[in-house]
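First up is the structure itself, then whatever we jot down about it.
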Amino acid sequence: MLNQLLENVYNPDVLSCLANLSNDEVFTSPDIVNKMLDMLPQEIFENPDTTFLDPSCKTGVFLREIAKRLITGLEKQIPNLNDRLEHIFKKQLYGISLTELTSLLSRRSLYCSKWPNGEYSIVKFPNPEGRIQYKRVKHTWANRKCKYCDANKSVYERGEDFETYAYQFIHTDKPEELFNMKFDVIIGNPPYQLSDGGGTGDSARPIYHIFIQQAKKLNPRYIAMIVPSRWMKGGKGLDNFRNEMMEDTRIKYIYDYEDAKECFPGIHLDGGVNYFLWDKSYNGECQYHYKSFSGEESTSKRFLKNGLSETVIRDYNQMTIIEKAASYNEEKFSKICSARNPFGYYSDLFNDPEKYPSTKLSMEEDENKLKIYGVKGKKGGSRRVIGYVDRESVEKLKGDVNKFKLYFSKAYMTTSTVPPEIIVGFPGTVCTETFIEIGTFDTEEEALNCLSYIRTKFFRALLFYNRHSLNISRESFELIPIQDFTQEWNDEKLYAKYQLTPDEIEFIESHILAMGGEK
């Protein structure tokens, strides 16, 4: 009876539980690790000479799951279990931890003891680290930025009692000297970002791409990492990295999830998450697996680089629509979109007007001043407001002030296909950084015809296909062709113009919500 009870009691893997915690640290579950290991040729787990490195150990789950496969795979070659364990743990598995705490956790997961030279370790090492290193290193400052990770000196120059976030694997010009050996497989889940001094989330600077680039310098046979998918569409400082990845024909597999919760249930990542396999001996098309928010899955085999976009087309169902939108070689809609902060007024103008005394913001209507659109209130409770500012306070795009234009919200949910209300900006109006400017136009009719185009599902589908984060930028509109704004637009005219098939029309109609009433 007791045995039957014990068999039926759920005994979860502690590392699975850690992976489900909502935390700033993104832990990987054993299930995802094994899906990543499945991408590798399985015969490597039967080779006693294969070496593995996790350069960003957090829980040790990657090395632990690799050890399980090696223990089974090497059974015939090394029949004695103790000899097999000695060989695997001492000659095949290596790690570099991110912090002292994660080094202890990783050793506990792999060796069953945080002290590999202690009596409880599965394999006895002569040192307290085993093959999992942790060394506290410092940033190397140049012009107040770290030359390795671009960290801000004012944020990360800390005392000995504080974590520096100067990760050992990427803070060296000679990563090959960390273990003085060559690795066949480099695999892991690197840190995703560092605060750049302006906050977190979208104001933080990505760091995961540096781990991938450093891994390539070691020239392994395989690299497998799980990282945010934001690099495919944009991301701060990721343009060169994205181009490198798109041109790299050694990427054999990508598994891309629009909803990051498919891999990390406890966190939210704008743009989703992906894991990939880079194979040094491979040269060809990437087998791309994509899963959308709605659960639809597609598989395609293609090169990441294409002649249509400077970004990765994630959902291949979108490809023919994007191709047809580009078929007329028309100018891109991004040409009439402003850069960030079109007129020089920051988004906190209405919250902290005292920071900008020269602007002379007033909430009282004044026909001698410019009407300015912005937002007041904190995140989650903010609302759009209208104020009035002196003409002399305009710092940028001064020639646009007396033109017709549209104000398009700079930020809204990445899962939404319906943007917030688009404002028609009449002559004598400006906006804060909360909006980007679209235009300008000589007449109100042209502005309204452009608005009719933006409201179409065709337009918003192409915008949605190119988004990667909460923030909208000029580049977000690069898949969208510009139109003749002397006429009004609707989906029927656009579907006919670009000769969309019934299946393509159905794909757009089923994924892009209708717009509500516009004021």
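The values are calculated or read from the model by the stated rules, or taken from the named source; none is laboratory data. Quantities reported herein were computed from a predicted structural model and do not represent experimental measurements. Counting neighbours? That spans all protein chains shown, and the Cβs are built from the backbone with ideal geometry, glycine included. What goes into the accessible areas is simple: the full protein's heavy atoms, side chains included, and nothing from ligands, DNA or RNA. Shrake-Rupley method; radii C 1.70, N 1.55, O 1.52, S 1.80 Å.
Please report the net charge: other residues with Cβ closer than 12 Å to the Cβ of TYR388, K and R +1, D and E -1.
Charge balance near TYR388 sits at -1.
Take the solvent-accessible surface of the protein heavy atoms, probe 1.4 Å, and return the percent of it on the range 388-519 that carbon and sulfur atoms account for.
Looking at the range 388-519 in its full context, I get 51 percent from C and S.
To test your reading of the geometry: what angle, between 0 and 90 degrees and rounded to tens, separates the Cα axis of helix 208-217 from the longest principal axis of the chain?
50 degrees
Students often check this: by mean Cβ neighbours within 10 Å, which of 252-264, 167-179 ranks highest, and how do the rest follow?
Ranking, from highest mean packing down: 252-264, 167-179.
Could you give me D for the range 380-461, from Stokes-Einstein at 20 °C and 1.002 mPa s, where the hydrodynamic radius is the Kirkwood radius over C-alpha pairs? Units µm² s⁻¹, please.
Details: Rh = 13.9 Å.
Translational D for this selection: 154 µm²/s.
Round to a whole angstrom and tell me the spacing of the C-alpha centers of the range 74-136 and the range 477-519.
Their Cα centres are 58 Å away from one another.
Rounded, prolate or oblate: pick one for the range 312-427, where a ≥ b ≥ c are the square roots of the eigenvalues of its C-alpha gyration tensor, a/c under 1.5 means rounded, and failing that, prolate if a/b is larger than b/c, else oblate.
prolate
With contacts defined as alpha carbon pairs under 8 Å and 6 or more residues apart, what's the relative contact order of the range 442-514 in percent?
The value is 44 percent.
Sequence gap at least 6, Cα distance under 8 Å: using those rules, report the relative contact order of the range 368-432 to the nearest whole percent.
Values: 87 pairs, mean separation 24.3, N = 65.
Worked out over the range 368-432, it gives 37 percent.
Over the range 349-389, what per residue volume does the convex hull of the Cα atoms give, in whole Å³?
57 Å³
Given the alpha-carbon gyration tensor of the range 225-279, what are the semi-axes of its equivalent ellipsoid in whole angstrom, ordered largest first, with each equal to the square root of 5 times an eigenvalue?
Largest first, the range 225-279 gives 20, 15, 7 Å.
Based only on Cα atoms, what Rg/Rh ratio does the range 133-262 have, Rh being taken as Kirkwood's radius?
Computed over Cα atoms, the ratio is 0.96.
Which one of ASN341, THR164, GLN487 has its Cα pushed farthest toward the positive end of the charge dipole of the chain, where Lys and Arg give +1 and Asp and Glu give -1 at the Cβ?
Selected residue: THR164.
Can you give the Rg to Rh ratio of the range 84-170, both from alpha-carbon atoms, with Rh computed by the Kirkwood formula?
1.11
Using each residue's phi in the range 359-375, evaluate 6.51 cos²θ - 1.76 cosθ + 1.60 at θ = phi - 60° and report the 3J(HN,Hα) Karplus result to the nearest Hz, with x for Gly and Pro.
6, 6, 5, 10, 9, 8, 4, 9, 5, 8, 10, 8, 6, 10, 9, x, 9
Please list the non-local residues whose amide H lies under 5 Å from the amide H of VAL385, H modeled 1.01 Å from N, same-chain partners needing a gap of 5 or more.
Residues meeting the criterion, in which the H sits 1.01 Å from N, are GLY374, VAL375, LYS376.
Sort the range 260-348 into rounded, prolate or oblate with this rule: let a ≥ b ≥ c be the square roots of the eigenvalues of the Cα gyration tensor; rounded if a/c is under 1.5, and if a/c is not under 1.5, prolate when a/b is larger than b/c, oblate otherwise.
Cα axes put the range 260-348 in the oblate bin.
About the Cα centre, and with charges only on the beta carbon of Lys, Arg (+1) and Asp, Glu (-1), how big is the dipole of the chain? Nearest 20 debye, please.
Charge dipole, the chain, about its Cα centre: 1520 debye, nearest 20.
Residue by residue through the range 30-39, what is 3J(HN,Hα) from phi via Karplus (6.51 cos²θ - 1.76 cosθ + 1.60, θ = phi - 60°)? Round to whole Hz and write x for glycine and proline.
Each residue of the range 30-39 in turn: x, 4, 5, 4, 5, 5, 5, 5, 5, 6 Hz.
To the nearest 500 deg cm²/dmol, what mean residue ellipticity at 222 nm is calculated for the chain from DSSP H runs of n ≥ 4 alone, each contributing -39,500 (n - 2.57), summed and divided by the residues?
Taken over the chain, the calculation gives -6500 deg cm²/dmol.
By how many degrees, 0 to 90 and rounded to 10, does the Cα axis of helix 444-454 deviate from the longest principal axis of the chain?
Between the helix axis and the principal axis of the chain, the angle is about 30 degrees.
If you wrap a convex hull around the Cα atoms of the range 441-513, how much volume per residue is inside, in Å³?
Per-residue hull volume (Cα only) is 100 Å³.
Report the gain in length on full extension from LYS493 to GLU163: 0.36 nm times residue separation, minus Cα-Cα distance, nm rounded to one decimal.
Values: separation 330, 0.36 × 330 = 118.80 nm, distance 5.82 nm.
Contour length minus the Cα-Cα distance gives 113.0 nm.
Which three semi-axes in whole Å describe the equivalent ellipsoid of the range 193-322, each the square root of 5 times a Cα gyration tensor eigenvalue, listed largest first?
On the way: eigenvalues 94, 77, 42 Å².
After scaling each eigenvalue by five and taking roots: 22, 20, 15 Å.
Can you tell me the Rg and Dmax of the range 210-249, counting just the alpha carbons, in angstroms?
According to the Cα coordinates of the range 210-249, Rg and Dmax are 10.5, 29 Å.
For GLU492, GLU392, GLU506, what's the largest-to-smallest order of accessible area, 1.4 Å probe?
Output order, biggest surface exposure first: GLU392, GLU492, GLU506.
Using only the Cα atoms of the range 244-397, what are the Rg and Dmax in Å?
Values for the range 244-397 (Cα only, Rg and Dmax): 23.1, 69 Å.
With r as the distance between the Cβ atoms of THR415 and ASP348 and R0 = 41 Å, compute the FRET efficiency 1/(1 + (r/R0)^6) and round to 0.05.
0.95
Using only the alpha-carbon atoms of the chain, report the extent along each of the three principal axes, biggest first, to the nearest angstrom.
Reported extents, whole Å, longest axis first: 87, 57, 54.
In the neighborhood of TYR288, defined by Cβ-to-Cβ distances under 10 Å, what is the net charge if each Lys or Arg adds +1 and each Asp or Glu adds -1?
It works out to a net charge of 0.
Order GLU297, GLU504 by their accessible area, 1.4 angstrom probe, all chains in place, largest first. Working shown, then result.
Working: GLU297 140, GLU504 20 Å².
Accessible-area ranking of GLU297, GLU504, largest first: GLU297, GLU504.
Once you wrap a convex hull around the alpha carbon atoms of the range 338-406, what is its projected area averaged over all directions, in nm²?
The directionally averaged projection comes out at 5.1 nm².
How much accessible area does HIS87 have with a 1.4 Å probe, in Å² rounded to the nearest 10?
The accessible area comes out at roughly 40 Å².
Relative contact order for the chain: what percent, with Cα pairs under 8 Å and sequence separation of 6 or more?
Computed value for the chain: 10 percent relative contact order.
Across the range 232-247, in residue order, what do the Karplus-derived ³J(HN,Hα) couplings come to in whole Hz, using 6.51 cos²θ - 1.76 cosθ + 1.60 with θ = phi - 60° and x for Gly and Pro?
So the J values, rounded to whole Hz, are 5, 10, x, x, 5, x, 10, 4, 5, 5, 4, 5, 4, 5, 5, 8.
Assuming R0 = 30 Å, what is the FRET efficiency of GLU310 and VAL155, from their Cβ-Cβ distance, to the nearest 0.05?
0.45
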